[in-house]
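> Please read through the structure below; I'll follow up with questions.
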Amino acid sequence: MEDEPEDRRSDARGRAPGTGPEDAAGTPSLQVALVTTAAPERVYEIAADPSLLPRWAHGLAEAEPRVRADGVVEVDSPYGVVTVAFVPRNDLGVLDHIVTLPDGTSVLNPLRVVAHPGGSEIVFTVRRTPGTSAQEHEADAAAVLRDLETLAGLAQRVK
């Protein structure tokens with residue numbers, strides 16, 4: 001379509017709590033997806049660069065990250081200092097990472113960048129952690145979508 005924006009949410013952006021996939025404990029997940037005209041390789045390189053996290057991952061990084069000798073990233077977040085352990089770089093667009101919160105809680109965050117006919121699709125699975133209400137989970141998913149929109153915009157601008 002002529003008036004279609006460069007970035008657009010997929011029709012299956014998320015599911016209502018309780019209707020999405022669940023883990024073994026019955027905790028629902030929401031998938032947040034965004035299509036961008038940026039090439040998947042460009043999106044992947046930006047998302048995989050710890051130094052760029054503060055430019056797009058506002059729900060995670062508030063200041064310059066510190067990369068430890070073991071490759072784990074320490075970052076000042078809205079929750080305090082957290083660690084982020086990414087899977088090794090790969091050619092499959094997989095950017096899964098485990099975020100460990102100050103209280104020791106660890107959350108696996110599946111993140112993918114895949115080729116799409118219009119450029120690439122960025123897909124993030126938002127896990128509902130114990131003690132999080134359905135409304136808080138939805139708010140987390142909305143915040144992730146804003147971060148993905150920022151990532152897509154950055155990927156379109158960075159050459």
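The values are calculated or read from the model by the stated rules, or taken from the named source; none is laboratory data. Values in this document were obtained by computation on a predicted structure and should not be read as measured data. Please note: Cβ atoms are built from the backbone with ideal geometry, for glycine as well, and neighbour counts cover all protein chains shown.
> Whether any residue in the stretch 50-72 is at pLDDT below 95, over 26 Å from Thr37 (Cα atoms) and within 14 Å of the chain's Cα centre (by Cα) is what I want to check.
no
> Check whether at least one residue in the stretch 75-87 is touching a residue at least 60 places away in the same chain (Cβ under 8 Å), surrounded by 13 or more Cβ atoms within 10 Å (Cβ to Cβ) and outside any strand (DSSP E or B), and report yes or no.
The answer is no; no qualifying residue exists.
Condition check ((1) part of a helix (DSSP H, G or I); (2) touching a helix residue (DSSP H, G or I) at 6+ places or on another chain (Cβ under 9 Å); (3) free of Cβ contacts under 8 Å to residues at least 60 places away in the same chain) across all residues:
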| residue | (1), (2), (3) |
| --- | --- |
| Arg89 | no, yes, yes |
| Val99 | no, no, yes |
| Asp103 | no, no, yes |
| Leu108 | no, no, yes |
| Phe124 | no, yes, no |
| Gly131 | no, no, yes |
| Ala141 | yes, no, no |
| Val144 | yes, no, no |
| Leu151 | yes, yes, no |
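> Could you say which residue among Ala48, Ala39 is surrounded by 14 or more Cβ atoms within 10 Å (Cβ to Cβ), closer than 15 Å to Asp147 by Cα and out of contact with any Asp or Glu (no Cβ under 9 Å at 6 or more places or on another chain)? Spell out how you get there, then give the answer.
Values: Ala39 fails: closer than 15 Å to Asp147 by Cα.
After applying the criteria, what remains is Ala48.
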